[in-house]
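The values are calculated or read from the model by the stated rules, or taken from the named source; none is laboratory data. Note that the structure is a prediction, hence the values are computed from the model and not measured. Glycine gets a Cβ as well: all are built from the backbone with ideal geometry, and neighbour counts include every protein chain shown.
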Amino acid sequence: MSERGTPSERSSEMTSARRKAVVSVGFALLALAAAILLAACGSGIEEPPAEAATGKGNEVEVEAKPSGDLTISNWPYYIDKQTVPDFEKATGVSVKYIEDVNSNEAFLAKMKPLLANGESGGRSLMVVTDWMARKMHELGYLQEFEPAAIPNFEKNLADNLRAASYDPGRDFAAPWQSGMTGLVVNTEKAPDVHTICDLFDPKYKGKVEMLNELRDTVPLVMKCEGVDVEHATEADWLKAIEKIKGAAESGQIRRFTGNDYTTDMSNGNAVAVIGWSGDAVQLQADNPNIEFRMPEEGCILWSDNMVIPVGAPNPTAAEAWINYVYDPVNQAQIEAFVNYVSPVEGTKEVLLKEEPEIANNKLIFPPPSFTKNCSIQPSPGTPKEEQKINQAFNAVLNG
Amino acid sequence: MSASASAPSRAWHWLREHAVLIIGVLVVIYLLVPIAVIFFFSFNNPSGRYNFTWVGFTLSHWENVFGIPELNEALWTSIKLALLATVISTVIGTMMALALVRHQFFGRRAANFLIVIPMATPEIVMGSSLLSFFLILGNPALGFNTLLIAHIMFCISFVVVVVRSRLIGFDRHLEEAAKDLGASPFTTFRLVTLPLIMPGIFGAAMLAFALSIDDFVISNFNSGTTVTFPLYIFGAFQRGVPVEVNCIAMILFGVTVLAMVATTLQQRRAEKMASVRPDQEEEIPIVVSTVGAA
Amino acid sequence: MAALRSRVSAYGLLLPGAFWLIVFFVVPLYFLGRLSLDTNELTYYKFNWHWQNYSDALSLYDTQFVRSFIYSGLATLICLLLAYPLAYAIAFKAGRWRHALLLAVVAPFFTTYLIRTISWVTILSAESPVVEVLEFLHIVNNGRLLATAPAVVAGLVYNYLPFMVLPIYASLERLDTRLMEAAKDLYANAATTFFKVTLPLSAPGVVAGTLLTFIPATGDYVNAEFLGGPGNQMIGNVIQSLYLKQQEYPAAAALSFVLMAIILVVVLIYIRFAGSEALMGEEGMAR
C-alpha cells in the first residue's frame, strides 16, 4: 500500500548507479554532520569540568556607594511589602526580589551548574538555611563579606548567633530570620498532641504530616527516641528514619510536605503536623484553633542566612541590603509581617513601642525558658554518612 | 401487561437502548467538571494563600489578572518560547512531511521510525536524557535556549504526522493541472500546494504551540533558573497558587477554543476547494496523528 | 533527471528535521546511557562501566517500578472502558452534536496540565461536596480521598482519557456502517455484532489509544506529586527526586533507561500481539 503517485512520476526510472550515488551522498552528509558533532562533544568530554572558584579569599571589593540593580533570591512569604521600596528609596538601588527558593536541595540542584562555572544567574544575594550555606561555602560557591561594609551586622547580630558552627567567623552567612520547628496542631481536633511521639498515636492515623526536610523531621523524631541530636550517630539517624518509614507505610503519616502542610491544616486534611513557628501565626488568622506547640522533647532551631554567591553582579548593593535589614527599625517592619525569630538585637525594643503584642509573642521573641529543650539543627557527620542518610530518607519520601 | 409492570420494563428498555449514549454523556461531563471548577474558583476570594475552599465571590482577581509580576514574566516566557518553537518546528516538520510523502528514497523507513519514536517515549525519559546531554557537554547555562531546543525537538514529530496526514489526502491532479499549464515546480508549490495544505500546517502549528506552552516535565528538567508558566504553577503550589492563575488559564482556554473553532471552519472551506474526501475528519490533528493509516 | 532531483530535494527537505532529531533526541539517549554507567563522582571524560548502578537502582526502587506499571495499567484499562462507549456514541449516535462533543473531549487539553490536576485537589479535598456525597454513600470513610492510590489513578485516568477517546473515535468513524447492518441482517444481536464486527474493525484505534495512554502514564509524576502520598509515588517521582533534589545523576539515568527499556519491551509485545501497523503509520498511505 505505498503511494504510487501520478503516471508521470512513475514513468521516470533511475539507473541503479545513479541511485547508489545519491544514496551514498546522502549518507555521507549525515555521517559528516554526526562526526562533526561528536568531535565537538568529544573535545568537551576530554577535559574535566571547569574547576570551581574556591571560596576562601573570595572577598567582596567595596565600592564607595551602592548603586545599580540588586537581584535577591529568597523563600516565599519572607518579607513584608514595604521594605523593598523603602530600601530602594534609601539607597537608590533598584531591587528585583524573586521568591524562588522552595527547598534547599532543589535550589542547589538548580544553581549548581551556574555556580560551578562562577556564575549566579544574575543574583547578588541568596537566602539558604545554615547547613546549605556551609555546604555552598565548602564547594566554593560563596563570597566572604567585607566587614567594613556591614557595620550594623557586626554590631546588632544576636549574641547567641555569633559563633555558629557552620560559620564561626561570620564571614559569609548573615542570618535573615531564625525559626523553630515543632508541632502545629488543631487544638479542637487533636487536643492531646503535646509531644513528637504523640504524632505516632494511631488515634490520628492518616491525619499526621511531617516535613520533607531531612534536618527538621528526623532530629525531632530522634528527640522522641531520647537521642541527644547534637551528638547523634549515623545509627541514630537511621533508626529514626526506620521509625518514620514504619509510620508512612502503615498510613499513619498522610504526606511529607514542604510549605503546603498549611493547606492541609486549614482544610482539615491534617490535624497535627511538624511545622514551622512562623506559619502558625498566619494559620491562626485563618482558623483560631490552630496553634504552634512547643514539643515537650524540645524543638529544632535553625536560621536562614543571606549569602553572596560567586559571580554576583552587585555585591556592594548586597552588602548594603544586609546592613539595611540589620537596623532594628527596618528589621521591626519585616518582623511585624514575617513572624519568625529575629536575629537582630534591639528589634524587640522597637516593636514594644509600636506593636507590643508582637514584641511579647513567645514565638517571635522566645525567652530562653521557652526554648530550653531545643537543639540547633544538626547535620549528618561525614559526606558519606550524609549520602547514606539522604538515600534512606528519600526512599521513605518516595514510598 | 398492566401499566405499572411495563413502566419499569419500558424504562429499563430505554436505558439499554441508550446506555452507550448515557455513558458517553456522563464521561463528557466528567471531563468538563474540573474545567468548571477552575472557572468557578477564579472568582474565589480566599482568605489565606491557598485557593482550595470556596470562601466568597469576587471579581478582583479578574480585574487584576496581570497584577503579579512573576506570573506575568513566566507567562511571557512561555509565550515567547512557544511562538519560536512553533515557527521553527512547523517549518522543519512540514519539510520533513513533504519529503516523506512525496518522494521515494532509501532510508524512508528509518526516517519514519525516527519520527515516531519521540512520540512513544515518556516525557521523563526525554527530559532526563536531554539533561544528561547538557550536563556532559559541560554545563552550558540551562535556560531559555536549552528549553527552546527541547521544545522544538518534541514538536517536530507531531508536526510531521499532522502535515503528512493532510498531504496524503491531497489530490495530486491539481498539481498536475498546474504543471500542464506551464507552472514551474516551485510556482506550483507556492500557488497551488501550499495554500491547500495550509489548514493542515496551521493545525500542526496550533498543536505545536499547545504542546510547548503546556510542557512541564521536559521543561522542569532543562530550564535551569528560567521559569515558564507551568513551572511557575508547580513552584507556586507549595506556597499557594494565586487566583490569577485560574483566570489566566481560563483566558488561554477561551483563546484556544476560539482558535480551534476558527480553524475548523477554515478547514471545511479549504476541503471543499481541494476535493479532499469529505468524510475524513481532520479537524482533530491528534486523531489522525495517532491512527496514521489505520 | 527528475527522479534524481526528487531524491536530492527529498534529502534536502529531510535534513534539518533529521539533524535536529538525531542530535537532540538520539544523541542524548546515548549520553543518558553513558551517564547511567558513571560513578557518583561523575567522571564525564572517562567511560566507566559501572553496571552496579543498574542493580542498585532496580533493587532500591523496584516497588515504585511495579507500582507505576500497576497504576498506569489500571488507568489504561479504566480509560478504555470509559472511552470506548464515548467514542462509539460520538461516532454513531451523536449526529449534529458530533463536533461539539469532540470539542468537549479535547477541551481539557486547553487548560494547563498542572492546573487541571490541581483542580482535582480542590474537588477531592476533605470538605468538598464530592467527598461529602461519597462519605454519605459510605464509599469513603474519614473523608480521606487525597493522598491515596485511587486518587492518583483517577488523576491519570482523567488526564489521559482524551488520548484514548480520539484514536478509537477515528477508527470507528472510518467504519463502514453497512458491515454492521449486514451483521444484523444475518440475525446477529447487538452484542454479537459488537464483538465480532465492530470491535475487531476498530482494533487499530484501540491499540493506538492504549499505547498513547499507557506509555506516558507510566512515566507520569505530576499526578502522584499532587494527588498521592508517600506510599503512592511512581518511578517518575523517584527519577525527578534523584535528578533535581539529590543530584544522584547516574542512578537517575539508570532508572530512566530501565523505564524506557521496559516500556519498549511491553510495547513491542503488545504490537506483535495486536498488529503492527497501528503505531508506525506506514509511509504515504493514500487510501
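Structure above, values below:
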item	result
Yes/no for C:LEU77 being at pLDDT 80 or above and over 30 Å from C:ILE235 (Cα atoms)	no
Filter result for A:THR195 (in contact (Cβ under 8 Å) with a residue 12 or more places away in the chain, outside any strand (DSSP E or B) and closer than 30 Å to A:GLU345 by Cα)	no
Whichever residue in region C:250-269 is in contact with a helix residue (DSSP H, G or I) (Cβ under 7 Å, 6 or more places away or on another chain) and surrounded by fewer than 22 Cβ atoms within 10 Å (Cβ to Cβ) and, among such residues, is nearest to the other protein chains (Cβ to nearest Cβ)	C:VAL267
Criterion: under 18 Å from the mean Cα position of the chain (by Cα), free of Cβ contacts under 8 Å to residues at least 40 places away in the same chain and in the same structural domain as B:ARG190 (by TED's automatic domain parsing) - qualifying residue of B:ALA120, B:ALA111	B:ALA120
Filter result (farther than 21 Å from A:GLY121 by Cα, touching a residue at least 40 places away in the same chain (Cβ under 8 Å) and either part of a loop (DSSP other than H, G, I, E, B) or within 9 Å of chain A (Cβ to nearest Cβ) (or both)) within region B:223-249	B:ARG239, B:GLY240, B:VAL241, B:PRO242
Residue list for region A:289-347, filter: of a type in the set (Gly, Ala, Ser) and either under 19 Å from A:GLY169 (Cβ atoms) or part of a helix (DSSP H, G or I) (or both)	A:SER303, A:ALA317, A:ALA318, A:ALA320, A:ALA332, A:ALA336
Residue satisfying all of: in region B:153-186; crowded, with 16+ Cβ neighbours inside 10 Å, of a type in the set (Phe, Trp, Tyr) and assigned to a helix (DSSP H, G or I); nearest to the chain's Cα centre (by Cα) among these	B:PHE158
Filter result for A:TRP302 (more than 14 Å from chain B (Cβ to nearest Cβ), buried (at least 20 other Cβ atoms within 10 Å of the Cβ), aromatic (Phe, Trp, Tyr) and closer than 30 Å to A:SER120 by Cα)	yes
Every residue from region A:239-263 that is part of a helix (DSSP H, G or I), aliphatic (A, V, I, L, M) and under 20 Å from C:ARG144 (Cα atoms)	A:ALA247, A:ALA248
Residue check, C:LEU77 surrounded by fewer than 22 Cβ atoms within 10 Å (Cβ to Cβ), within 14 Å of chain B (Cβ to nearest Cβ) and either touching a residue at least 12 places away in the same chain (Cβ under 8 Å) or of a type outside the set (Gly, Ala, Ser) (or both)	no
Selected residue (criterion: nearest to the chain's Cα centre (by Cα)) from residues of region A:154-178 that are surrounded by fewer than 24 Cβ atoms within 10 Å (Cβ to Cβ) and assigned to a strand (DSSP E or B)	A:SER178
Search result, residues across region A:267-286 that are within 9 Å of another protein chain (Cβ to nearest Cβ) and either over 17 Å from A:TYR204 (Cβ atoms) or at pLDDT 90 or above (or both)	A:GLN282, A:LEU283, A:ALA285, A:ASP286
From the options C:VAL130, C:VAL105, residue that is part of a helix (DSSP H, G or I) and either buried (at least 22 other Cβ atoms within 10 Å of the Cβ) or among the basic types (Lys, Arg) (or both)	C:VAL105
Conditions (1) closer than 23 Å to A:PRO309 by Cβ; (2) in contact with a helix residue (DSSP H, G or I) (Cβ under 6 Å, 6 or more places away or on another chain); number of the one not met by A:VAL227	(1)
The lone exception for C:PHE226 - which of (1) under 13 Å from the mean Cα position of the chain (by Cα); (2) within 9 Å of chain B (Cβ to nearest Cβ) it fails	(1)
Per-region count, region A:276-288, residues outside any helix (DSSP H, G or I) and farther than 15 Å from A:VAL127 by Cβ	2
Lone unmet requirement of (1) touching a helix residue (DSSP H, G or I) at 6+ places or on another chain (Cβ under 6 Å); (2) away from chain A (no Cβ under 14 Å) for B:ARG269	(1)
Residue that is farthest from C:PHE110 (Cα to Cα), among those in region B:1-60 that are within 8 Å of another protein chain (Cβ to nearest Cβ), among the β-branched types (Val, Ile, Thr) and in contact with a Leu (Cβ under 8 Å, 6 or more places away or on another chain)	B:ILE23
Residue under evaluation A:TYR204, criteria (1) buried (at least 24 other Cβ atoms within 10 Å of the Cβ); (2) closer than 27 Å to C:GLU132 by Cα; (3) among the aromatic types (Phe, Trp, Tyr), criterion not met	(1)
In region A:369-383, the residues that are loosely packed, with under 15 Cβ neighbours inside 10 Å and in contact with a helix residue (DSSP H, G or I) (Cβ under 9 Å, 6 or more places away or on another chain)	A:ASN373, A:GLY381, A:THR382
Residue match in region C:260-276 (condition: not β-branched (Val, Ile, Thr) and not in a helix (DSSP H, G or I))	yes
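One line per residue, one yes/no per condition, for (1) surrounded by 20 or more Cβ atoms within 10 Å (Cβ to Cβ); (2) in contact with a strand residue (DSSP E or B) (Cβ under 9 Å, 6 or more places away or on another chain); (3) within 30 Å of B:VAL116 (Cα to Cα); (4) assigned by TED's automatic domain parsing to the domain that holds B:PHE216:
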| position | (1), (2), (3), (4) |
| --- | --- |
| B:ALA7 | no, no, no, no |
| B:ALA19 | no, no, no, no |
| B:VAL25 | no, no, no, no |
| B:PRO34 | yes, no, no, no |
| B:PHE57 | no, yes, no, no |
| B:SER60 | no, no, no, no |
| B:LEU83 | no, no, yes, yes |
| B:GLY93 | yes, no, yes, yes |
